[in-house]
Amino acid sequence: MKPSLAGWVFAAPALLVIGLFFGLPVLSALALSLTDFDLYALADMGDLRFVALDNYLELLRTPMFWKALWNTTYFVVVGVPLSIAVSLGAALLLNAPAARFRALFRTALFAPVVTTLVAVAVIWRYLFHTSYGLVNWAMGHAGIGPVDWLGDPRWAMPTIILFAVWKNFGYNMVIFLAGLQAIPRDLYEAARIDGASRWKQFLHITLPQLGPVLLVVGVITVSGYFQLFAEPYVMTRGDPLQSTVSVLYFMFEEGFKWWNLGRASAVAFLLFLIILGVTTLLLRLGRRKELV
């Protein structure tokens with residue numbers, strides 16, 4: 001058997017599973033986005049009509065879609081740098097020569113990643129409760145008045161960002177820790193002999209050596225944060241004043257609250273195009289910096 005044919009034979013089972021459970025649903029959703037599939041069509045397929053790109057054009061004229069996109073962009077712009085900074089800081093602390101009980105702290109810091117998101121979101125909702133939340137209780141002892149964290153449009157999204165960073169930073173921390181351990185120690189020894197401070201070592205050795213890792217973490221975090229849904233769904237239900245409605249939450253309501261499944265599919269593909277554009281831009285910037 002030719003090597004190329006043997007490769008296709010061994011890859012065929014995996015390709016079949018991917019095509020059946022990923023490719024086929026994606027193509028079906030794409031076809032659905034070109035129709036006016038709704039509750040009436042679900043009851044009688046004779047009511048189904050082909051509308052081409054009307055769903056996409058209508059979404060671009062829908063103010064709620066743009067508000068959801070703005071909320072999601074705000075979440076990404078603030079949350080991604082904060083998450084990367086916290087992840088890198090935790091990795092640097094765990095990788096420090098003076099660090100003790102590394103395995104214990106590595107497990108403790110990674111634990112939020114593997115906890116059930118809905119359960120911890122409910123706990124955080126009570127922590128930030130206006131009347132009996134632990135956060136306002138602690139602020140009261142410091143002489144600061146209570147804040148309506150999840151009921152004030154100014155504070156609802158920052159609170160969700162804080163929760164998302166706490167929930168997800170451990171995953172990136174492990175990636176950064178692997179990257180830090182791959183940096184040759186000789187570089188730091190040479191820098192110390194030349195009199196470089198720790199800050200200069202970080203700027204001129206650690207960050208450049210972590211360039212490819214930073215790019216990977218950035219792409220993963222951006223694509224994940226654009227898919228914000230569970231946090232506002234559990235903690236705020238998109239309120240107050242729709243300040244926490246994300247694109248995926250808007251898609252969920254279109255599809256499973258109003259049963260406009262054609263429009264919901266169009267939202268999904270618009271979000272896919274946005275994520276594709278942003279990640280492509282990041283990869284191009286990485287190529288310019290020779291990180292890829």
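On a C-alpha basis, how far is the centre of the range 90-129 from the centre of the range 195-250 in Å? Whole number, if you could?
16 Å
Give the cross-link partners of residue 167 among the lysines, using a straight C-alpha distance below 17 Å as the criterion and excluding same-chain residues fewer than 8 apart.
none
Please grab the % of Cα pairs in the range 147-292 that end up more than 21 Å from each other.
61 percent
Within the chain, which is the longest segment containing none of the trypsin sites (Lys or Arg not before Pro) that sit in a DSSP loop and have at most 15 other Cβ atoms within 10 Å?
It runs 101-236.
Which helices count as membrane-span-like in the chain under these terms: full DSSP H, at least 20 Å along the axis by C-alpha, Kyte-Doolittle mean of -0.5 or more?
Helices passing the filter in the chain: 3-18, 63-95, 153-181, 211-225, 261-288.
So what is the relative contact order of the chain, in percent, for Cα pairs below 8 Å that sit 6 or more residues apart?
Result for the chain is 27 percent.
Run down the lysines and flag those whose C-alpha is under 28 Å from the C-alpha of residue 200, throwing out any fewer than 8 positions away in its chain.
Within the straight-line cut-off, residue 200 pairs with 289.
Show 84, 18 ordered by accessible area, largest first, where the area counts protein heavy atoms only and the probe is 1.4 Å.
Reading off the accessible areas and sorting them downward yields 18, 84.
Over the chain, with every protein chain in place, what whole percent of the accessible area is carbon and sulfur at 1.4 Å, could you tell me?
The value for the chain is 70 percent carbon and sulfur by accessible area.
Which whole-number value in Å² is the accessible area per residue of the chain, probe 1.4 Å?
I get 59 Å² per residue for the chain.
Report P(r) for the range 187-246: all Cα-Cα distances, bin width 5 Å, range 0 to the bin holding the largest distance, values in whole percent.
Values per bin, smallest distances first: 4, 16, 14, 11, 9, 9, 8, 10, 8, 6, 4, 1.
If DNA, RNA and ligands are ignored and the probe is 1.4 Å, what is the ranking of 253, 231, 189 by accessible area, most exposed first?
Correct descending sequence by accessible area is 189, 253, 231.
How far apart, in nm, are two points set 7 Å out from the Cα along the Cα-to-Cβ line at residue 116 and at residue 154?
3.6 nm
Hey, got a sec? Which chymotrypsin sites (Phe, Trp or Tyr not before Pro) in the range 36-131 land in a DSSP loop and have at most 13 other Cβ atoms within 10 Å?
101
What is the distance in Å between the Cα centres of the range 1-41 and the range 254-289?
With the range 1-41 and the range 254-289 each reduced to a Cα centre, they are spaced 19 Å.
Compute the signed sum of charges (Lys and Arg +1, Asp and Glu -1) over the other residues within less than 14 Å, Cβ to Cβ, of residue 282.
Neighbourhood net charge equals +4.
The values are calculated or read from the model by the stated rules, or taken from the named source; none is laboratory data. Because the structure is a prediction, the values reported are computed rather than measured. All Cβ positions, glycine included, derive from the backbone under ideal geometry; neighbour counts span all protein chains shown. Ligands, DNA and RNA are stripped out before the accessible areas are found, and what is left, the full protein with its side chains, is counted by its heavy atoms. Shrake-Rupley method; radii C 1.70, N 1.55, O 1.52, S 1.80 Å.
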